[in-house]
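Inspection log for the structure reproduced underneath, given as structure tokens.
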Amino acid sequence: MTAKDDIGKIQERESKFWDRQIDSFAKDEKDLMVNEYNLNVLESFVFERLGDLKDKKVLDCGCGSGVLSTVLAKRGATVFSFDISHESINMTKKRAEANGVGNLVTPQVMSFEDLIYKDQYFDFAVGYFVLHHIDIDKGARELNRVLKKGGRAIFLENSSNNPFLTIARKFLTGRFGIPKHGSEDETPLSCKKIRQIGEVFSGDKKIYYKNFFFFRLIDEFIFKEKIKMITKLLKILDEVCYRVLPMLRKFGYLQIVEFNK
Ligand SMILES: C[S@@+](CC[C@H](N)C(=O)[O-])C[C@H]1O[C@@H](n2cnc3c(N)ncnc32)[C@H](O)[C@@H]1O
């Protein structure tokens, strides 16, 4: 099997997996509604790095159920969204329309590795939890190609920096009643892959650690957020680690990566 076949097979599996997942994301009309100012710390930071979006052309990479596309459009951007999963694209259309921004969002089924957009078309590219699903070499080249000179790409992603999480993912999830959420082919985003993307971009590259998301995973996966006291305690522990032990920040579960052209 050639590498090209491998990518094709992975894309097929991803598409099927996310087609199945999407149903659970918005069960009725009210779940489609999005408040563009109700963002968490990491999302707020991404929007800070994007600045004024009025009349900007923005690409939402791996748009999933269309929450980010809708927020971008509600904040004034002209949004193009793509995803490998047909059902995700249907949901993105539905969500954008329900929120009154259907005219500003153009969702299309497409793979990150073969974008159909023109060269230097976008001011910004954004994505949440998508880089760790794709072929990095091909995806990085496509991303760089479709961004304007001076454009910025920014992604909120998971991270492979924490060896405890790597071990837990390998040996615990999917066993002992601990749920496994991800698809078969995804692997958390490593520093090596971030460097690989950075090599394609001529401008600044940055990694930001804006929170320490670690003990909360124990609550989510083991205690299933059923005991309020524990939920509160583990959240506080994460916050204390973030503030008091900055050297630990890079071992949190989440990171934001930025590439400038
Ligand atoms: C973890 S989900 C994130 C979805 C959305 N960004 C969000 O945060 O809700 C990953 C998304 O990437 C999409 N995806 C996976 N591989 C892809 C590829 N090669 N090209 C385009 N989209 C892909 C999946 O279909 C899925 O919607």
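Quick notes
- Test: residue in segment 58-70 that is more than 16 Å from the chain's Cα centre (by Cα) and either at pLDDT below 95 or within 21 Å of V146 (Cα to Cα) (or both): no
- Filter result (over 13 Å from S65 (Cα atoms), touching a Lys or Arg at 6+ places or on another chain (Cβ under 7 Å) and either part of a helix (DSSP H, G or I) or among the β-branched types (V, I, T) (or both)) within segment 31-44: V41, L42
- Selection within segment 12-30 - assigned to a helix (DSSP H, G or I), more than 13 Å from the ligand (Cβ to nearest atom) and either open to solvent by less than 60 Å² (accessible area, probe 1.4 Å) or free of Cβ contacts under 8 Å to residues at least 12 places away in the same chain (or both): K30
- The set of residues in segment 104-141 being in a strand (DSSP E or B) and within 12 Å of the ligand (Cβ to nearest atom) consists of P107, Q108, V109, S111, D114, V126, G127, Y128.
- With respect to the conditions (1) under 15 Å from the mean Cα position of the chain (by Cα); (2) open to solvent by less than 20 Å² (accessible area, probe 1.4 Å), N40 lacks only one, and its number is (2).
- Checked against (1) over 21 Å from V105 (Cβ atoms); (2) within 11 Å of the ligand (Cβ to nearest atom), N40 passes all but a single condition, namely (2).
- Subset tally (residues that are free of Cβ contacts under 8 Å to residues at least 40 places away in the same chain, of a type in the set (F, W, Y) and buried (at least 18 other Cβ atoms within 10 Å of the Cβ)) for segment 216-261: 1
- Subset of segment 69-86 that is open to solvent by 10 Å² or more (accessible area, probe 1.4 Å) and not in a strand (DSSP E or B) - its residue that is nearest to the ligand (Cβ to nearest atom): I84
- Within segment 153-171, residues that are in a strand (DSSP E or B) sit with their Cβ atoms under 6 Å from residues that are among the charged types (D, E, K, R), at 6+ positions apart or across chains, in these pairs: I154/R49; I154/E258.
- Test for I89: is it of a type outside the set (G, A, S), in contact with a His (Cβ under 9 Å, 6 or more places away or on another chain) and within 12 Å of the ligand (Cβ to nearest atom): no
- Positions within segment 45-64 being within 17 Å of N103 (Cα to Cα), in a loop (DSSP other than H, G, I, E, B) and within 14 Å of the ligand (Cβ to nearest atom), in sequence order: C63
One line per residue, one yes/no per condition, for (1) hydroxyl-bearing (S, T, Y); (2) more than 23 Å from H181 (Cβ to Cβ):
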residue: D6; (1), (2): no, yes
residue: V67; (1), (2): no, no
residue: S85; (1), (2): yes, no
residue: R95; (1), (2): no, no
residue: F112; (1), (2): no, no
residue: K118; (1), (2): no, yes
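- Output for segment 174-190, where each listed residue is over 18 Å from V130 (Cβ atoms) and either open to solvent by less than 100 Å² (accessible area, probe 1.4 Å) or not in a loop (DSSP other than H, G, I, E, B) (or both): G174, G177, I178, P179
The values are calculated or read from the model by the stated rules, or taken from the named source; none is laboratory data. Since we're looking at a predicted model, the values are computed, not measured. Cβ coordinates were reconstructed from backbone atoms using ideal geometry, including for glycine residues, and neighbour counts include every protein chain displayed. Surface accessibility is based on the protein's heavy atoms, side chains included, excluding ligands, DNA and RNA. Shrake-Rupley method; radii C 1.70, N 1.55, O 1.52, S 1.80 Å.
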